[in-house]
Amino acid sequence: MHQFKTNCKRERLKEIRHFVAEVLGDIGFSEIDAHKVILAVDEVCANLIIHSNKCNPSECLELFIEDHGKDGVLFEIIDYGIGFNYNNYKEPNLEEIIRKRKKGGLGIMLVKNIMDTVEFKNEENKNICRMIKKFTRTK
Amino acid sequence: MIKIDNHINDEPEYYQLSVGGEIDASSSIHLEEGLKNAMQASKKIIVDLAELEYISSAGLGVFMSIIQELDNQNIKFIIYGMAPKVYEVFEILGLNQLISIKKDKEEALEAIK
């Protein structure tokens, strides 16, 4: 189990990506697979930092990565901010985003496309995002 | 983290924006500023992404948010030079169908003629 804890500042995203890249490299992800998974983790963390925790640097975010062999790699991201209601998530329509010149709503769309399983839940005042990615090992 | 340079060419006339490094939720504001400046300065814009190592939805959202304005203002806008791993992110969202993307500068200049 690999773990990383940081506070809720946008500037921490680069450190989160760096941590995920190192772990995925050790597990045996190819560069192109790793790039997409790093992106998915970054998207969830950016949402949690910006929307759930309003960039409050005294709030923290914890990330756990665990290799489950042929069942894939498990990612768990835990925070204590405002929970994200995944059940209410409606995939944005790209044409509408363009017409209304909105910039949001794309991150979760990317996450859903990249990861094999995505779930958000709330347990004892903490929000847990759990994602699984299966991949072809290079090692 | 994000590197942005611009070059205004007179003959042929075009505005070149070069974006490198990493665009995420903390740096996408600089991409937005760079694109706004380009749109105020020229009707022919080429964007060199050869040095771009990473883009998240925050950066993709910036590109999407200007598509309508490019059309309204009749601005020719081409992106080029993307690494395959960066192109793939555009592809996941279908942005490669909405923005004109070329392989290199030569093709980009040909497209804005």
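The values are calculated or read from the model by the stated rules, or taken from the named source; none is laboratory data. Predicted, not measured: the structure shown is a model, and the values here were computed from it. Heads up, the Cβs are rebuilt from the backbone with ideal geometry, glycines too, and the neighbour counts pull from every protein chain shown.
Taking the stated definitions as given, is A:Gly83 modelled with pLDDT under 90, in contact with a strand residue (DSSP E or B) (Cβ under 7 Å, 6 or more places away or on another chain), more than 14 Å from every other protein chain (Cβ to nearest Cβ) and more than 22 Å from B:Asp24 (Cβ to Cβ)? In short, yes. For beta carbons closer than 7 Å, sequence separation of 6+ or different chains, a first residue in region A:45-73 that is on the phi > 0 side of the Ramachandran plot and a second that is crowded, with 22+ Cβ neighbours inside 10 Å and hydrophobic (A, V, I, L, M, F, W, C), the qualifying pairs are A:Cys55/A:Cys8; A:Cys55/A:Ile49. Kindly indicate the residue of region A:91-113 that is assigned to a loop (DSSP other than H, G, I, E, B) and facing chain B (nearest Cβ under 9 Å) and also farthest from A:Ala46 (Cα to Cα) among those meeting that condition. Filtering first and then ranking leaves A:Arg101.
Taking the conditions (1) of a type outside the set (A, V, I, L, M, F, W, C); (2) within 23 Å of B:Glu22 (Cα to Cα); (3) in contact with a Ser or Thr (Cβ under 8 Å, 6 or more places away or on another chain) in turn, A:Thr136 satisfies each one other than (2). The set of residues in region A:46-86 being in contact with a Lys or Arg (Cβ under 6 Å, 6 or more places away or on another chain) and of a type in the set (Gly, Ala, Ser) consists of A:Gly72 alone. Scanning region A:25-47 for residues that are of a type outside the set (Lys, Arg), more than 9 Å from the chain's Cα centre (by Cα) and assigned to a helix (DSSP H, G or I) yields A:Gly25, A:Asp26, A:Ile27, A:Glu31, A:Ile32, A:Asp33, A:Ala34, A:His35. Counting only residues that are closer than 14 Å to B:Leu95 by Cβ and more than 12 Å from chain A (Cβ to nearest Cβ), region B:53-80 holds 3 of them. With respect to being over 19 Å from B:Phe90 (Cβ atoms), at the interface with another protein chain (Cβ under 10 Å from one of its Cβ atoms) and surrounded by fewer than 19 Cβ atoms within 10 Å (Cβ to Cβ), A:Lys14 fits the description. Residues in region A:17-44 that are surrounded by 17 or more Cβ atoms within 10 Å (Cβ to Cβ) and either of a type in the set (Ser, Thr, Tyr) or without any contact (Cβ under 8 Å) to a residue 24 or more places away in the chain (or both): 4 in all.
Checked against (1) surrounded by 15 or more Cβ atoms within 10 Å (Cβ to Cβ); (2) among the charged types (D, E, K, R); (3) modelled with pLDDT under 85, A:Asp67 meets all criteria but (3). When A:Gly81 is tested against (1) surrounded by 15 or more Cβ atoms within 10 Å (Cβ to Cβ); (2) more than 16 Å from the chain's Cα centre (by Cα), only condition (2) is not met. For region A:1-11, residues that are outside any loop (DSSP other than H, G, I, E, B) and in contact (Cβ under 8 Å) with a residue 40 or more places away in the chain total 7. Counting residues in region A:76-83 that are farther than 22 Å from B:Pro84 by Cα and in a helix (DSSP H, G or I) gives zero. Taking region A:48-73 as the range and being closer than 18 Å to A:Arg130 by Cβ, not in a helix (DSSP H, G or I) and not hydrophobic (A, V, I, L, M, F, W, C) as the test, the residues that pass are A:Glu62, A:Glu66, A:Asp67, A:His68, A:Gly72.
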